[in-house]
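The values are calculated or read from the model by the stated rules, or taken from the named source; none is laboratory data. Keep in mind that what you see is a predicted model, and the values were worked out from it rather than measured. Positions of Cβ are backbone-derived with ideal geometry, glycine not excepted, and every protein chain shown enters the neighbour counts.
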Amino acid sequence: MDFMKKIDSLSVVVPVYNEEASLPELIRRTLAACRVLQRPFELVLVDDGSRDRSPEIIAQAARDNPGAILGIMLNRNYGQHSAVMAGFKHVTGEIVVTLDADLQNPPEEIAKLVACMDEGMDVVGSVRVPRCDSVFRRVSSYMVNRLTARVTGVVMHDYGCMLRAYRRNIVQAMLQCHERSTFIPALANSFAKRTAEVEVRHAQRQGGVSKYSLLKLINLQFDLLTSITTMPLRCLSVFGMLMFLLGGGLGALILVLRVWHGPEWAVDGVFTLLAILFFFLGAQFLAMGLLGEYLGRTYQDVRARPRYFIKDILGDSLLHQAPACPPGQQNDAL
């Protein structure tokens with residue numbers, strides 16, 4: 001019967017970096033969206049080294065909403081995924097939802113993900129409809145989605161959307177992975193058995209600017225490519241073997257033609273040989289670059305430095321203070 005169904009507690013993790021323009025409304029709307037769900041919840045705001053008034057806004061929100069908001073203050077900017085992992089470390093809900101602070105994904109859409117998680121899913125992704133981004137962002141997102149789906153074997157249409165839901169055991173599994181650079185959606189899908197997607201609204205940014213510049217997007221692609229697969233190394237090995245066979249065959253052909261037509265023919269083909277030389281030289285540099293990416297990642301992981309350093313923790317949630325409500329009951333304080 002429905003009233004005997006277990007009510008899973010909810011944790012909402014929001015990484016924040018210079019979002020003072022949208023943060024007050026985000027907090028107000030997220031709290032309202034969580035209260036509508038009629039279940040224990042907590043809002044975990046992770047300040048990722050903001051240089052504006054975001055830390056002050058988080059601190060005030062934690063004081064004004066005791067038992068509902070937990071503020072985690074990092075000492076500097078570590079990046080969105082590291083901030084989310086810091087939030088994961090402190091969540092206590094059975095369902096964990098991540099959300100961007102720019103309000104492009106409305107907090108009211110959290111209910112769709114929670115309803116899907118209540119059906120027994122391990123991970124629920126979201127698809128932004130309609131997508132309110134530039135053509136460049138949409139094209140790059142399409143490429144990331146295709147690559148991630150091929151590598152992980154889990155087809156999702158929008159890996160770039162932060163509005164996602166995870167089962168707590170999936171979050172715990174991710175926390176046991178100590179690599180420095182982590183692409184959370186792909187990492188979660190590597191542990192999940194049942195996944196699903198829901199369509200969510202997408203709005204124009206209401207304030208501030210996007211924190212993902214072209215350079216950061218390129219770095220994200222390298223992180224994605226080298227953190228979840230060794231496929232480029234295997235492709236490089238196949239490519240190197242093909243080039244070796246092609247170069248050997250071409251060298252033999254040039255030798256035969258030189259003997260057949262004389263040394264004059266070989267002189268006439270000097271620019272062709274130079275072009276082939278430059279081609280192989282470029283291929284070598286490409287191989288060295290890819291190998292360097294993996295060696296650099298190994299170097300970072302072997303040092304085993306922490307992903308982040310927490311400066312302070314503000315406020316507390318009732319989920320930290322007491323166990324979740326029994327089935328059929330409601331936490332009135334939330």
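Please go through region 35-55 and give me each residue that is hydrophobic (A, V, I, L, M, F, W, C) and farther than 15 Å from Val97 by Cα, ordered by number. Don't jump to the end; show me each part of the working.
Going through region 35-55, the residues hydrophobic (A, V, I, L, M, F, W, C) turn out to be 36-37, 41, 43-46.
The answer is Val36, and nothing else.
Got a sec? Which of Asn105, Asn77 is farther than 22 Å from Arg194 by Cβ, assigned by TED's automatic domain parsing to the domain that holds Phe191, in contact with a Cys (Cβ under 9 Å, 6 or more places away or on another chain) and assigned to a loop (DSSP other than H, G, I, E, B)?
Details: Asn77 fails: in contact with a Cys (Cβ under 9 Å, 6 or more places away or on another chain).
Criteria check complete, one pass: Asn105.
Consider region 25-77. How many of its residues are under 26 Å from the mean Cα position of the chain (by Cα), among the polar types (S, T, N, Q) and surrounded by fewer than 15 Cβ atoms within 10 Å (Cβ to Cβ)?
1
Run Gly153 past the list (1) at pLDDT 70 or above; (2) at positive phi and report the number of the one that doesn't hold.
Result: Gly153 fails condition (1) only.
If the requirement is being crowded, with 19+ Cβ neighbours inside 10 Å, modelled with pLDDT of 75 or more and among the small types (Gly, Ala, Ser), which of these qualifies: Ala173, Ala196, Ala192? Break it down into steps so the answer makes sense when it comes.
Details: Ala173 fails: crowded, with 19+ Cβ neighbours inside 10 Å; Ala196 fails: crowded, with 19+ Cβ neighbours inside 10 Å.
Step by step, each of Ala173, Ala196, Ala192 is checked, and only Ala192 is crowded, with 19+ Cβ neighbours inside 10 Å, modelled with pLDDT of 75 or more and among the small types (Gly, Ala, Ser).
Regarding Gly49, is this residue over 22 Å from Asp8 (Cβ atoms), of a type outside the set (D, E, K, R) and either modelled with pLDDT of 95 or more or in a helix (DSSP H, G or I) (or both)? Don't jump to the end; show me each part of the working.
Working: over 22 Å from Asp8 (Cβ atoms): yes; of a type outside the set (D, E, K, R): yes; either modelled with pLDDT of 95 or more or in a helix (DSSP H, G or I) (or both): no.
Against the criterion (over 22 Å from Asp8 (Cβ atoms), of a type outside the set (D, E, K, R) and either modelled with pLDDT of 95 or more or in a helix (DSSP H, G or I) (or both)), Gly49 does not qualify.
Please work out if Ala61 is in contact with a strand residue (DSSP E or B) (Cβ under 9 Å, 6 or more places away or on another chain), over 23 Å from Ala203 (Cα atoms), small (Gly, Ala, Ser) and not in a strand (DSSP E or B). I'd like the intermediate steps shown before the answer.
Details: in contact with a strand residue (DSSP E or B) (Cβ under 9 Å, 6 or more places away or on another chain): yes; over 23 Å from Ala203 (Cα atoms): yes; small (Gly, Ala, Ser): yes; not in a strand (DSSP E or B): yes.
Spelling it out, Ala61 is indeed in contact with a strand residue (DSSP E or B) (Cβ under 9 Å, 6 or more places away or on another chain), over 23 Å from Ala203 (Cα atoms), small (Gly, Ala, Ser) and not in a strand (DSSP E or B).
Quick check on this structure: which one of Glu56, Glu19 is assigned to a helix (DSSP H, G or I) and not hydrophobic (A, V, I, L, M, F, W, C)? Write out each step before concluding.
Details: Glu19 fails: assigned to a helix (DSSP H, G or I).
Glu56 is the lone residue from the list that is assigned to a helix (DSSP H, G or I) and not hydrophobic (A, V, I, L, M, F, W, C).
Inside region 76-112, can you point out the residues that are at positive phi and in contact with a helix residue (DSSP H, G or I) (Cβ under 8 Å, 6 or more places away or on another chain)?
The one that is at positive phi and in contact with a helix residue (DSSP H, G or I) (Cβ under 8 Å, 6 or more places away or on another chain): Leu103.
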